[in-house]
Amino acid sequence: MLRSISRVGILALVLVAVGTIATSSGCGGLEFWLQFFQGPEGPQGPAGPQGPPGPQGPPGPQGPPGPAPGDGLPGTVVTILSVNSGAAVTPGGPFNVQFTIETDDGDPIPVEELDRFSIYVSGRTTNYQRVIAPASDVVARTTVNADGSYTYTFPDPFPTTYLAPYNDSAFYGTADGELTGQALANGTYTVGIEARRDFMIDGETIRDAGDAFFDFVIGGGAPAPRQVVLESNCVQCHTRVVVHGENRFTVAGCVTCHTNGAEDRISADPNKETPGRTIQFADLIHALHRGVELPSVSATRNSADPYLYEVIGFGEAVHDYSHVAFPWMPGGTGFNQQTRNCAVCHGGAAQEANYYTTINRARCSSCHDDINFTLGTVLDGTNNAVINGQLTQADLNNPTYRVAPGSVVHTFTNDACVLCHGPGLAYDVRTVHQPPLSNDANTYGLMVQIQSVTGATGAGFFQAGDIPVVTFNVLNRNMVPVNIADLSSVNLLISGPTDNYQKVIPTSTSTTLSLKGNGGVPTSGVGPFTYTSTVAIPMTYPATFNNSANYDYAGGSGELSGQDLKPGTYTVQVYAQRQFTIDSVTYREASPAAFFDIRVGSAGDLEPYAGFVTDERCNMCHGDLGFHGNGRKGVAGCVMCHVGGAEDRPTPAMGQTQDPAPDTIDWKVMIHKIHAARELDVVRNGGAYDLIGFGDNVIDFSTAYLPVLPEGPAQCTKCHATDAWKEPVTNPDVRVWMVACTSCHDSASTAAHVELNTLNPGVPGGWTESCATCHGEGRPFSVEAMHAQP
């Protein structure tokens, strides 16, 4: 019977027995019997399925709250305190840097909270070269000092030779100032730190970055910092120069990387190839700011193969600067030759004189990019093909289109440039770069004074049919009266009311009335002069400039043509011009406009133009803003002509592409569009923003853009001197929200949105804009909130 029991059965009996024995304390219990019956270890079986996750751990401590939209960023302020704790720095020796990182309010920022950290060294300040490449291991190599500051210790000894510049190639070498591999020379060196934290605001990552730079000396002596361009000059136009993904924004940092020998990205893509494109700071900035006027760009702009000033950056992104125009005025005879104003960038810097004393081929050819030092020639500026931009790239070095500058073949070496262009010499850089209109020796410094405006028949106000009598004088900068014979013209315009300017005098299609030799004003002699208007104040508003049915009162543009004059404050404007010729080129000097407010239609207090935009704001970028052939100056004068309903020339000419034509030249619309042109819907969809001006010239603004970084035209306060941009000032004769907002936001969807939120559109006087419900101050989508920049 026992033989018939299977192994399984025996095992079952044994297990039962074991289970029974396990409850007792005898015979070793379960462990004894398991050991007794245990066989050899078998292979490991496959892993079983993963068990369920364990319970969630307790939440960590809450971090500090991030900024809300429009609140601004907390700031990242880096301060370098010292290097080597004040001890000398020696090539081959140890090197460390002491620094702090804080918010704008002075609260310390722990280094572990940084999303980016970079520390590096360049030098000498007389010819920056890279010395220590950027390092980012801030947490691993930083210690906290007793005073709360940090010390970063470099892992390797201080280098003994210079590093290669960025994107180094054989195109540039020692002759170009590159010092790769050479022993470090004694002098002043610069350590830089860049730090950044990232914040999520409305689903968008916003970078809050800061940097700092510190000069130290190798070999003894006092530090000799470099300052050829003043930071405050850059921010005058740019507000903040933010580049490289909003990580870098100071000239002091730019010059430490954009060194002699540095080049843009060297691409294998033949469509992106820019061999030998220097990114040395002076060369890059000169060429970039002169983009549209670079001789090679200008001479080929209308050909089938135009030359473009392009730079390849990170990710092999190609940046085309061929349309960049330096905005500072004056230039030449119009909006040209602006880059002759060297002091705009260099003025006030500690080493300002460098721009006219440190003269070499590289610096000069960065703006004068057509000079060929092998041939010794430049493009012939009198050749029609060059003038009209008809050359191809292959033509640029064709002797047919080239001449020796000043009839002198320029095959000179670097050290010879100063022999002609140095200070006090025949072609002193300062002299040849000074625009004639900036030279007091050429100009009078014209100014007009309006002493009185009489002729009113109302009780303290003018009425329809009155003849204004204007007494004025024209003076020079020394307040000496100018002989009117020296003036090419003196002009008058009356416009009003000041809350919605419309032209009143002249009543014809002319832009102004000419005073010289008219209305009792002589053609020679000095003032004061008295002009009796040849035109009476009309009963109704004359037609606006280039008037058509495209813009009218019913549409809410503000045009009042044909309506009775509204009572209120009107403005008399008088300005003067003179001309002078230098080297066969005629220049026009204009006075700032003079203004005199009068009441029309009723008595009352004078209400001057509100000055939403001022000359001071414009001239932060433009210097001395002048248009119409340098014939007119002053925003307060511009708004008197560029009124609601005014349009550009109605003649489609020279390939104008903007639709519809004509376009409004209302100041509010035109200026917004010009400064945001690159972002206009019509431009982004392949069209153009262009206007037809005097002589049927088409002026294409499609590449224009407000140079404020990084906000661009969203930074309303760059131009606006009042808070009216936050909510347009209401006027019963103007759909102010429509006029102001759709000038930048020009898409069809925005136009539809405007119409849906405007009651009774198209009915004269019947519109009621409800825009403030959502976009007014304090509302969820207020103009301020939508335009806010952290």
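The residues in region 602-618 that are over 22 Å from P728 (Cβ atoms) and touching an Asp or Glu at 6+ places or on another chain (Cβ under 6 Å) can be counted, and the count is 1.
Here is the figure for region 142-170: residues that are touching a Lys or Arg at 6+ places or on another chain (Cβ under 9 Å) and of a type in the set (A, V, I, L, M, F, W, C) total 3. Against the numbered list (1) open to solvent by less than 20 Å² (accessible area, probe 1.4 Å); (2) modelled with pLDDT of 95 or more; (3) of a type outside the set (F, W, Y), G331 comes up short only at (2). Hey, can you tell me all the residues within region 679-710 that are without any contact (Cβ under 8 Å) to a residue 24 or more places away in the chain and either buried (at least 19 other Cβ atoms within 10 Å of the Cβ) or within 22 Å of G611 (Cβ to Cβ) (or both)? If the condition is that a residue be without any contact (Cβ under 8 Å) to a residue 24 or more places away in the chain and either buried (at least 19 other Cβ atoms within 10 Å of the Cβ) or within 22 Å of G611 (Cβ to Cβ) (or both), then V683 is the only one that fits.
Within this structure, A676 passes the test of being more than 21 Å from D552 (Cα to Cα) and either in contact (Cβ under 8 Å) with a residue 40 or more places away in the chain or touching a helix residue (DSSP H, G or I) at 6+ places or on another chain (Cβ under 6 Å) (or both). For region 391-443, a tally of residues being open to solvent by 60 Å² or more (accessible area, probe 1.4 Å) and not in a helix (DSSP H, G or I) returns 14. Per this entry, P713 is counted among residues that are within 30 Å of R207 (Cα to Cα) and free of Cβ contacts under 8 Å to residues at least 60 places away in the same chain. For the condition of a type in the set (V, I, T), open to solvent by 30 Å² or more (accessible area, probe 1.4 Å) and over 30 Å from R363 (Cα atoms), T205 qualifies. Within the option set E769, E784, being at pLDDT below 90 and surrounded by 16 or more Cβ atoms within 10 Å (Cβ to Cβ) holds for one residue only, E769. Here the condition is being aliphatic (A, V, I, L, M), under 32 Å from the mean Cα position of the chain (by Cα), open to solvent by less than 60 Å² (accessible area, probe 1.4 Å) and within 13 Å of F216 (Cβ to Cβ); of I101, I109, I119, I80, it holds for I80 alone. Against the criterion of being in contact with an Asp or Glu (Cβ under 9 Å, 6 or more places away or on another chain), over 19 Å from A133 (Cα atoms) and either of a type outside the set (F, W, Y) or without any contact (Cβ under 8 Å) to a residue 24 or more places away in the chain (or both), R248 does not qualify.
Taking the stated definitions as given, is D283 within 28 Å of N127 (Cα to Cα) and outside any helix (DSSP H, G or I)? No. Restricting region 129-162 to residues that are part of a loop (DSSP other than H, G, I, E, B), of a type in the set (F, W, Y) and touching a Phe, Trp or Tyr at 6+ places or on another chain (Cβ under 8 Å) leaves a set whose member that is farthest from P225 (Cα to Cα) is F154. Filter region 583-624 for residues that are β-branched (V, I, T), touching a helix residue (DSSP H, G or I) at 6+ places or on another chain (Cβ under 9 Å) and open to solvent by less than 50 Å² (accessible area, probe 1.4 Å) and give the result. Answer for region 583-624, where residues must be β-branched (V, I, T), touching a helix residue (DSSP H, G or I) at 6+ places or on another chain (Cβ under 9 Å) and open to solvent by less than 50 Å² (accessible area, probe 1.4 Å): V613, T614. Filter region 487-511 down to residues that are free of Cβ contacts under 8 Å to residues at least 60 places away in the same chain and in a loop (DSSP other than H, G, I, E, B) and give me whichever is most open to solvent (accessible area, probe 1.4 Å). Looking at residues that are free of Cβ contacts under 8 Å to residues at least 60 places away in the same chain and in a loop (DSSP other than H, G, I, E, B), I get T509. Selection within region 334-348: residues that are assigned to a helix (DSSP H, G or I) and open to solvent by 20 Å² or more (accessible area, probe 1.4 Å). The member of this set that is nearest to V429 (Cα to Cα) is R340. Per the conditions (1) more than 30 Å from V242 (Cβ to Cβ); (2) of a type outside the set (D, E, K, R); (3) modelled with pLDDT under 90; (4) open to solvent by less than 60 Å² (accessible area, probe 1.4 Å), the sole criterion not satisfied by L756 is (4). The number of residues in region 125-148 being aliphatic (A, V, I, L, M) and either open to solvent by less than 60 Å² (accessible area, probe 1.4 Å) or touching a residue at least 40 places away in the same chain (Cβ under 8 Å) (or both) comes to 5. Of the residues making up region 259-267, none is without any contact (Cβ under 8 Å) to a residue 40 or more places away in the chain, open to solvent by 30 Å² or more (accessible area, probe 1.4 Å) and β-branched (V, I, T).
Scanning region 535-565 for residues that are open to solvent by 60 Å² or more (accessible area, probe 1.4 Å), assigned to a loop (DSSP other than H, G, I, E, B) and modelled with pLDDT of 95 or more returns a single hit, M539.
Answer yes if at least one residue in region 629-652 is open to solvent by less than 30 Å² (accessible area, probe 1.4 Å), more than 25 Å from Q502 (Cα to Cα) and either modelled with pLDDT of 95 or more or over 20 Å from the mean Cα position of the chain (by Cα) (or both), and no otherwise. No, there is no match, as no residue in region 629-652 is open to solvent by less than 30 Å² (accessible area, probe 1.4 Å), more than 25 Å from Q502 (Cα to Cα) and either modelled with pLDDT of 95 or more or over 20 Å from the mean Cα position of the chain (by Cα) (or both).
If you check P155, P225, P165 for being touching a strand residue (DSSP E or B) at 6+ places or on another chain (Cβ under 7 Å) and open to solvent by 30 Å² or more (accessible area, probe 1.4 Å), only one passes: P225. Scanning region 515-531 for residues being open to solvent by less than 60 Å² (accessible area, probe 1.4 Å) and within 30 Å of E559 (Cβ to Cβ) gives a total of 3.
The values are calculated or read from the model by the stated rules, or taken from the named source; none is laboratory data. Small disclaimer: the values here were computed from a predicted structure and weren't measured. Please note: Cβ atoms are built from the backbone with ideal geometry, for glycine as well, and neighbour counts cover all protein chains shown. Heads up: the accessible areas ignore ligands, DNA and RNA and are worked out on the full protein's heavy atoms, side chains in. Shrake-Rupley method; radii C 1.70, N 1.55, O 1.52, S 1.80 Å.
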